[in-house]
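One structure is given below, encoded as structure tokens.
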Amino acid sequence: MNYRMMTATGDRLSVLGYGCMRFPRNRAGIDEERTRKQVLAAIEQGVNYFDTAYIYPGSEKVLGKILAGGLREKVKIATKIPSMMVKSRDDMETIFRRQLTHLQTDYIDYYLVHNVSSFADWQRLKDMGFIGFVEEMRRQGRILHFGFSFHGNLQTFRQLVDDYPWDFCQIQYNYLDEEFQAGTKGLHYAAEKGLGIIVMEPLRGGTLGNKIPAPAEKLFRQADPSRSPAEWALRWVLSHPEVGIVLSGMNEEEHIRENIRVTSSKEDLVLSDRELQCFEKVKAVFSEKIKVPCTGCAYCMPCPHGVDIPTCFAWYNSRSVHGGLFPVFQYIQATEGAVNGKPSRASNCKNCGLCVQRCPQQIPIPDKLKDTARQMEKAYLRIPMRIVLKRMSQ
């Protein structure tokens, strides 16, 4: 296994982090015996960073059981507090105590605010005394390092990075997401500020693994038939020296073996000109499905009517490229006000045109927001997901 030093924390971490959201399941829930074998195999081969969260069903408890057998001190545990479920200082303390109990530990190595999509998410926590809570836990040795996971736009990301002396951040990043959410500019910005950087979704939930379009797969195969699409994607992320860890939500033995092989390789991770050209051709295949040529620069913001324009377009494009309901869920979570209390959906657009004047890409934003609303705000999708989000916030 290859390791990188996270300068902000001084920890030597495996470049492959084990994402615990997608543990294998059976009819009873998480398949604990299979999960145990997978986790133990990963630890034996050098993986030492495990990422879970309070809202991943059963994940903390299962991970805690596995590590309780003398393995806790050999690994770093990362878990997250769901901001949407925090209504008071008491909630912070209650959730944190439960997490320690679930994980059968006295401390958390890497503690994150989960899924920050707007600065209002963070401000709401601060207003309830969250910084004081975290700093008290740090004094007690119960939280060693503090960071956040991010799903907003670049403008918000920079604002968030500058607001607090974070140890690290977790961003979505892959060869399709150079201009999505924090993107490459955010990656560099955080690194320049001294934050450790953990990358999630290097395979976009698996869609850059075994679900890429056939023409894209053909391009990779022609460039190097020995590499799978997943290996190409992992190598692209790890070619960025700013990245400390790449997380993979592994639940298949074959995938675990492949990911460990790739991240244990002694090959030079600097991409050749030929490899870079291959990625550009593959991205061109995906770009044909992009609905809005938005770069996420946020020059159009703020919208006087509260629309989070870059986020709306990002998830609209994501659904067009990858399909499925996950982008719809993320869109609704980010725009329905479940987190920051203020709806920012595409249908709030009043066609004032101010955004068009600011857009460097000259996108007809109001027209594209109408398209976004038609595809992402259908009642049969929105209503059940709003119910789920409401229950999660209670």
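Laboratory data are not the source of any read-out in this text; all were calculated from the coordinates shown. Predicted model only: the values in this text are computed from it and were never measured. Heads up, the Cβs are rebuilt from the backbone with ideal geometry, glycines too, and the neighbour counts pull from every protein chain shown.
Arranged by the count of other C-beta atoms within 10 angstrom, fewest first, what order do Phe313, Phe130 take? Mind showing how you got there, number by number?
Details: Phe313 27, Phe130 19.
Neighbour counts put them in this order, fewest first: Phe130, Phe313.
Determine the sum of side-chain charges near Asp177: Lys and Arg each +1, Asp and Glu each -1, restricted to other residues whose C-beta is under 10 angstrom from that of Asp177.
Working: positive: Arg204; negative: Glu178, Glu179, Glu201.
Residues close to Asp177 contribute a combined charge of -2.
Once the dipole of the chain is set up with Lys and Arg at +1 and Asp and Glu at -1 on Cβ about the Cα centre, which of Gln375, Val246, Tyr173 lies farthest towards its positive end?
Farthest towards the positive pole: Gln375.
Mind putting a number on the dipole of the range 83-211 about its Cα centre? Charges go on the C-beta only, +1 for Lys and Arg and -1 for Asp and Glu, and I need it in Debye to the nearest 20.
Numbers: 14 positive and 17 negative charges, 41 e Å.
Value, rounded to 20: 200 debye.
Rounded, prolate or oblate: which fits the range 62-177 when a ≥ b ≥ c are the square roots of the eigenvalues of the alpha-carbon gyration tensor, with rounded for a/c under 1.5 and prolate only if a/b beats b/c?
Details: a/c = 2.00, a/b = 1.35, b/c = 1.48.
In terms of gyration-tensor shape, oblate.
Past 19 Å, Cα to Cα, is the threshold; run Lys291/Lys368; Lys37/Lys74; Lys218/Lys283; Lys185/Lys350 against it and keep the listed order. Working shown, then result.
Working: Lys291/Lys368 8 Å; Lys37/Lys74 16 Å; Lys218/Lys283 13 Å; Lys185/Lys350 30 Å.
Among Lys291/Lys368; Lys37/Lys74; Lys218/Lys283; Lys185/Lys350, the Cα-Cα distance tops 19 Å for Lys185/Lys350.
Apply the Karplus parameterisation 6.51 cos²θ - 1.76 cosθ + 1.60, with θ equal to phi minus 60°, to every residue of the range 180-186 and state each ³J(HN,Hα) to the nearest whole Hz, in sequence, with x for glycine and proline.
10, 6, 5, x, 5, 4, x
Within a 10 angstrom radius of the beta carbon, how do Tyr316, Tyr175 rank from fewest other beta carbons to most? Spell out each step's value before the answer.
Working: Tyr316 26, Tyr175 19.
Result, fewest neighbours first: Tyr175, Tyr316.
Could you work out [θ]222 nm for the chain from helices alone, using -39500 (n - 2.57) per DSSP H run of at least four and dividing by all its residues? Round to the nearest 500 deg cm²/dmol.
Values: 16 runs with 178 residues, N = 394.
Mean residue ellipticity, 222 nm, calculated: -13500 deg cm²/dmol.
Taking amide H atoms as placed 1.01 Å from N in the peptide plane, list the residues 5 or more away in sequence, or in a different chain, whose amide H sits under 5 Å from that of Val246.
Leu16, Gly17, Val199
From the backbone phi of the range 6-15, what are the Karplus-calculated ³J(HN,Hα) couplings (6.51 cos²θ - 1.76 cosθ + 1.60, θ = phi - 60°) in whole Hz, Gly and Pro given as x?
With coefficients 6.51, -1.76 and 1.60, one gets 8, 4, 5, 10, x, 8, 9, 10, 4, 5 Hz.
Cysteines of the chain lacking any other cysteine beta carbon under 4.7 Å?
If one checks each Cβ against the other cysteines of the chain, Cys20, Cys169, Cys278, Cys294, Cys297, Cys303, Cys312, Cys349, Cys352, Cys359 turn up with nothing under 4.7 Å.
Treat the count of other C-beta atoms within 10 Å as a stand-in for reagent exposure and order Cys169, Cys352, Cys359 from fewest to most. All intermediate terms of the calculation are to be shown ahead of the outcome.
Numbers: Cys169 26, Cys352 12, Cys359 17.
Exposure proxy ranking, most exposed first: Cys352, Cys359, Cys169.
Kindly rank 22-28, 264-270 from highest to lowest mean number of other beta carbons found within 10 Å of each residue. It would help to have the intermediate numbers written out before the result.
Values: 22-28: 13.6, 264-270: 11.0.
Averaged packing, sorted descending, gives the order 22-28, 264-270.
Calculated from the structure, P(r) over Cα pairs in 20 Å bins from 0, in percent equals which of (1) 23, 37, 23, 13, 4, 1, 0; (2) 27, 60, 12, 0; (3) 26, 50, 21, 3, 0?
The value matching this structure is (2).
Through the Karplus equation 6.51 cos²θ - 1.76 cosθ + 1.60, θ set to phi - 60°, convert the phi angles of the range 220-228 into ³J(HN,Hα) values in whole Hz; use x for Gly and Pro.
5, 5, 5, 6, 6, x, 7, 9, 7
For a quick protection proxy, order the peptides 66-78, 321-333, 108-120 by their average other-Cβ count within 10 Å, most packed first. Provide the component values of the computation, followed by the final result.
Numbers: 66-78: 16.1, 321-333: 18.1, 108-120: 22.3.
By packing density, highest mean first, the sequence is 108-120, 321-333, 66-78.
Give the shape of the range 72-135 as rounded, prolate or oblate, defined through the alpha-carbon gyration tensor: a ≥ b ≥ c are the square roots of its eigenvalues, a/c under 1.5 means rounded, and otherwise the shape is prolate if a/b is larger than b/c and oblate if not.
Numbers: a/c = 2.30, a/b = 1.72, b/c = 1.34.
Prolate.
How much net charge surrounds Ile77 when only other residues with a Cβ under 10 Å from its Cβ are counted (Lys, Arg +1; Asp, Glu -1)?
On the way: positive: Arg72, Lys76; negative: Asp51, Glu60, Asp109.
In short, -1.
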